[in-house]
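Engineer: One structure follows; several queries about it will come next.
The values are calculated or read from the model by the stated rules, or taken from the named source; none is laboratory data. Only a predicted model underlies this, so the values are computations on that prediction, with no experimental measurement involved. In this analysis, Cβ positions are derived from the backbone assuming ideal geometry, glycine residues included, and neighbour counts consider all displayed protein chains.
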Amino acid sequence: MTMRYRTLGKTELQVSIIGFGAAPLGGIYGPFTETECTQTVHQAIDEGINLFDTSPYYGIKLGEEVLGRTLKGVREKVILATKCGRITQTDFNFKADFIVKSMEESLQRLQTDHVDIFQAHDIEFEADLDMVFSETYEALQKLKKQGKCRFIGMTGYPLGCLKKALEACALDVCISYCHCTLLDQSMLTELVPIAERRGTGIINASPLAMGALTLNPPAWHPAPEEVKQAAMKAAQYCKSQGSDLSLLAMQWMLQQEKVATTLVGMSKLSELKINLKALESGPDPVLLAEVTKILSSVQGRCWPSGLWPAEA
Ligand code: NAD
């Protein structure tokens, strides 16, 4: 299978259409071994994946430390992205002095002198968005001028919040997650047109809806119960047909021409293998039709995040 590349917004970065989400390297999706993570990261690079995304939040610094070690010797082959401002599940700090300190600490953990992409993480948790769009934004711009990062952005779940950010700031990139999957396609109509107008590259994330579109969703998943149940029904149906909902979800995802790249979280060689297999062919139309039917009653259902309600 041959990796394909697309341009990310106005950045001129040629990103692989599958990006490596390194949240699982912080242990948030269950246990992993660093040996297998290292093999998975190196195999992913050999197969043409060039975008790697992490955050100090993943495993509270562990995710960055592990990724830093696994990238030793191959750092220059990848587009490395990390974030700032989200400290724990409940602690946030988007003030300029903290952002600058966070950058220095991330660079140490990632064992590099610069990252390619640096983003304010989950801004919907900040009550004072005007502060984020002025002080945080200026801090990010300053770090870019200093060469600590090449491109800046903001991330979050509610599309309403991301739209505000794109209008208020000249962002190179943003991360939108769980809004371009078999469960919810609202990113394509709600965010893509604004991003195109504003010249912001969308890094799409969580094509498996943070594990909901697998047979092993995490216990902490924030989706409403009906969504999780419908997704499990779809996963079991695919299994009964000798197929795999995760593969189908990736195949569907990779057909979306408007999406430059999609981060999928991986820590295992078996997951990488399936996700790369999705490059080989489009989704089986019969299976896709049946899965679409199973998911129809929960299509587009969101959940609240931070200070934003479910509909935002
Ligand atoms: P995801 O939808 O990519 O799902 C990850 C889960 O699916 C993990 O449990 C993983 O082990 C499993 N998985 C991966 N491939 C599989 C396969 N082929 N078969 C079965 N299971 C498989 O969710 P995610 O990891 O949260 O999102 C991807 C990445 O996007 C993250 O790692 C992170 O880098 C980024 N992200 C950023 C934000 C943000 O900035 N706010 C939010 C969400 C995700």
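Engineer: Could you please give the count of residues in the stretch 152-173 that are in contact (Cβ under 8 Å) with a residue 40 or more places away in the chain and not in a strand (DSSP E or B)?
Structural biologist: So the count comes out to 7.
Engineer: Please determine whether any residue of the stretch 189-197 is modelled with pLDDT of 95 or more, of a type in the set (Gly, Ala, Ser), over 24 Å from THR54 (Cβ atoms) and surrounded by 15 or more Cβ atoms within 10 Å (Cβ to Cβ).
Structural biologist: Taking every residue of the stretch 189-197 in turn, none turns out to be modelled with pLDDT of 95 or more, of a type in the set (Gly, Ala, Ser), over 24 Å from THR54 (Cβ atoms) and surrounded by 15 or more Cβ atoms within 10 Å (Cβ to Cβ).
Engineer: Let me ask something else about it. From the list GLY211, GLY265, pick out the single residue that is farther than 24 Å from LYS293 by Cβ, in contact (Cβ under 8 Å) with a residue 40 or more places away in the chain and under 16 Å from the mean Cα position of the chain (by Cα).
Structural biologist: Answer to the check: GLY265.
Engineer: Still on this structure: Exactly one of these conditions fails for GLY73: (1) touching a Lys or Arg at 6+ places or on another chain (Cβ under 9 Å); (2) outside any helix (DSSP H, G or I); (3) of a type in the set (Gly, Ala, Ser). Give me its number.
Structural biologist: For GLY73, the failing item is (1).
Engineer: Taking the condition in contact with a Cys (Cβ under 7 Å, 6 or more places away or on another chain), away from the ligand (no atom under 11 Å from the Cβ) and part of a helix (DSSP H, G or I), does LEU248 pass?
Structural biologist: no
Engineer: Identify, from the list LYS77, LYS95, the residue that is surrounded by fewer than 21 Cβ atoms within 10 Å (Cβ to Cβ) and either under 21 Å from LEU51 (Cβ atoms) or within 14 Å of the ligand (Cβ to nearest atom) (or both).
Structural biologist: LYS77
Engineer: Across the stretch 258-297, which residue is nearest to the ligand (Cβ to nearest atom) among those that are of a type in the set (D, E, K, R) and in a helix (DSSP H, G or I)?
Structural biologist: That would be GLU271.
Engineer: Let me ask something else. Could you identify the single residue in PRO222, PRO207 that is within 24 Å of ALA81 (Cα to Cα) and in a loop (DSSP other than H, G, I, E, B)?
Structural biologist: PRO207
Engineer: Hey, could you check the stretch 182-204 for residues that are polar (S, T, N, Q) and more than 17 Å from GLU311 (Cα to Cα) and say which is farthest from the ligand (Cβ to nearest atom)?
Structural biologist: THR200
Engineer: What tally of residues in the stretch 53-68 results from selecting those that are within 9 Å of the ligand (Cβ to nearest atom) and touching a Ser or Thr at 6+ places or on another chain (Cβ under 9 Å)?
Structural biologist: Residues meeting the conditions: 5.
Engineer: Going by the conditions given, is ALA170 surrounded by fewer than 23 Cβ atoms within 10 Å (Cβ to Cβ), hydrophobic (A, V, I, L, M, F, W, C) and away from the ligand (no atom under 15 Å from the Cβ)?
Structural biologist: For ALA170, the condition - surrounded by fewer than 23 Cβ atoms within 10 Å (Cβ to Cβ), hydrophobic (A, V, I, L, M, F, W, C) and away from the ligand (no atom under 15 Å from the Cβ) - is met.
Engineer: Can you give me the number of residues within the stretch 1-59 that are within 30 Å of ARG198 (Cβ to Cβ), crowded, with 17+ Cβ neighbours inside 10 Å and of a type outside the set (A, V, I, L, M, F, W, C)?
Structural biologist: Number of matching residues: 12.
Engineer: Could you list, in sequence order, the residues of the stretch 1-37 that are of a type in the set (Ser, Thr, Tyr), away from the ligand (no atom under 16 Å from the Cβ) and over 14 Å from ILE79 (Cα atoms)?
Structural biologist: Correct list: THR2, THR35.
Engineer: Follow-up. List the number of the failed condition for GLU257; all other conditions in (1) more than 22 Å from VAL78 (Cα to Cα); (2) in contact (Cβ under 8 Å) with a residue 24 or more places away in the chain; (3) out of contact with any Cys (no Cβ under 9 Å at 6 or more places or on another chain); (4) surrounded by fewer than 22 Cβ atoms within 10 Å (Cβ to Cβ) hold.
Structural biologist: Every condition holds for GLU257 apart from (2).
Engineer: Considering only residues that are aliphatic (A, V, I, L, M) and surrounded by fewer than 22 Cβ atoms within 10 Å (Cβ to Cβ), look in the stretch 205-222 and name the one that is farthest from the ligand (Cβ to nearest atom).
Structural biologist: Out of the qualifying residues, it is ALA219.
Engineer: Taking GLN89 and the conditions (1) part of a loop (DSSP other than H, G, I, E, B); (2) surrounded by 24 or more Cβ atoms within 10 Å (Cβ to Cβ), which numbered condition does it fall short on, given that it satisfies the others?
Structural biologist: Every condition holds for GLN89 apart from (2).
Engineer: Sticking with this one: Name the pairs: first residue in the stretch 133-148 and in a helix (DSSP H, G or I), second residue among the aromatic types (Phe, Trp, Tyr), Cβ to Cβ under 6 Å, at least 6 apart or on different chains?
Structural biologist: Within 6 Å, the pairs are THR136/PHE94.
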